[in-house]
Amino acid sequence: MGALQEKFDAARAEHRAVLIGYLPAGFPDYDGCIEAIAIMVESGVDVVEVGLPYSDPLMDGATIQQAVDIALSGGTATPTVLSTVAAIAATGAPTLVMSYWNPIEKYGVEAFARDLAGAGGVGVITPDLTPEESGPWMRATDSAGIDRVYLVAPSSSDERIAVVAGATTGFVYAASTMGVTGTRTTVGSAAGDLVARTRALTDRPIAVGLGVSTGDQAAEVAAYADGVIVGSAFVRALLDAPSRGAGLDAVAALTVSLAAGVRRR
């Protein structure tokens with residue numbers, strides 16, 4: 001059993017959901033990203049997603065795009081992401097990479113899986129890769145011993161959900177709404193329906209992302225999902241802060257609120 005599954009099992013034993021936090025590598029800069037994520041882990045994030053900055057993000061809303069632009073302008077590249085993973089994995093939190101397929105393919109499919117495992121990473125979320133096109137990726141991740149995470153959406157048919165869940169070895173990422181990432185005032189009823197349909201077709205953990213930004217929303221999602229994914233809210237906390245220290249304080253406060261939310265499901 002891998003570290004990711006162990007984390008979901010431990011949370012389930014505590015009758016709560018897993019809190020998954022995201023930041024792009026290199027944002028606000030290399031050291032700042034590592035420092036912010038370390039504070040997230042210290043304050044209650046269970047699992048970390050390190051974003052691999054990409055120049056043509058299909059799924060990312062304006063907030064994450066702004067952070068990615070900052071990271072790319074600072075010279076962040078795939079080796080930077082891997083060294084960031086190594087630093088975060090040292091905290092003990094299971095650490096995944098969120099990446100579009102093009103950077104992985106450019107780096108080398110087998111090399112990326114091998115080097116990520118060598119850095120202590122436990123898996124990869126690939127939002128634009130379909131199971132049907134995943135043959136080399138499945139072989140590489142199996143060989144490296146890291147998990148694959150694919151996405152389902154409210155528009156996914158039951159047949160499609162079954163295919164995606166069958167290819168997934170980590171958790172199934174359930175996009176709560178159609179559209180791009182970003183904080184929202186409500187999560188939407190589609191998320192609960194999607195989780196219910198997915199749960200009927202797989203025993204893999206199911207984590208909900210896209211839109212969660214408050215402790216109350218985290219509690220709402222944790223009532224029916226195994227994991228709650230938060231990204232844009234952490235990025236926005238850093239972007240809006242008047243200073244580096246204030247940004248880290250905001251990240252810590254947000255994490256505490258979200259961690260309390262997943263525990264009052």
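The values are calculated or read from the model by the stated rules, or taken from the named source; none is laboratory data. As the structure is a prediction and not an experimental result, all values here were calculated from the model. As a convention, Cβ positions derive from the backbone with ideal geometry for all residues, glycine included, and neighbour counts pool all protein chains shown.
Would you check if Ala174 is small (Gly, Ala, Ser) and part of a strand (DSSP E or B)? Answer is yes for this residue. Scanning the stretch 35-90 for residues that are within 13 Å of Leu23 (Cα to Cα), at pLDDT below 95 and charged (D, E, K, R) turns up just one, Asp60. For Met178, the test of being surrounded by fewer than 18 Cβ atoms within 10 Å (Cβ to Cβ), of a type outside the set (Gly, Ala, Ser) and either modelled with pLDDT under 95 or out of contact with any strand residue (DSSP E or B) (no Cβ under 9 Å at 6 or more places or on another chain) (or both) is passed.
Just the residues that are surrounded by fewer than 24 Cβ atoms within 10 Å (Cβ to Cβ) and either of a type outside the set (S, T, N, Q) or within 15 Å of Glu49 (Cβ to Cβ) (or both), please, taken from the stretch 86-103. Within the stretch 86-103, Ala86, Ala87, Ala89, Ala90, Thr91, Gly92, Ala93, Tyr100, Trp101, Pro103 meet the criteria. Residues in the stretch 51-95 that are among the β-branched types (Val, Ile, Thr), touching a Gly at 6+ places or on another chain (Cβ under 9 Å) and within 17 Å of Gly118 (Cα to Cα): 6 in all.
For the structure I just gave you, tell me whether Arg244 is over 22 Å from Ala11 (Cα atoms), more than 15 Å from the chain's Cα centre (by Cα) and in contact (Cβ under 8 Å) with a residue 24 or more places away in the chain. Answer is yes for this residue. Within the set Tyr54, Tyr100, the sole residue that is over 22 Å from Ala253 (Cβ atoms) and out of contact with any Asp or Glu (no Cβ under 7 Å at 6 or more places or on another chain) turns out to be Tyr54. Pairs are defined by a Cβ separation below 6 Å, a sequence spacing of at least 6 or placement on different chains, a first member in the stretch 56-85 that is over 17 Å from Ile125 (Cα atoms) and crowded, with 16+ Cβ neighbours inside 10 Å, and a second member that is at pLDDT 95 or above and aromatic (Phe, Trp, Tyr); the pairs so defined are Ala67/Phe27; Ile70/Phe27; Ala71/Phe27. Of the set (1) surrounded by fewer than 17 Cβ atoms within 10 Å (Cβ to Cβ); (2) not in a helix (DSSP H, G or I), all apply to Ala111 but (2).
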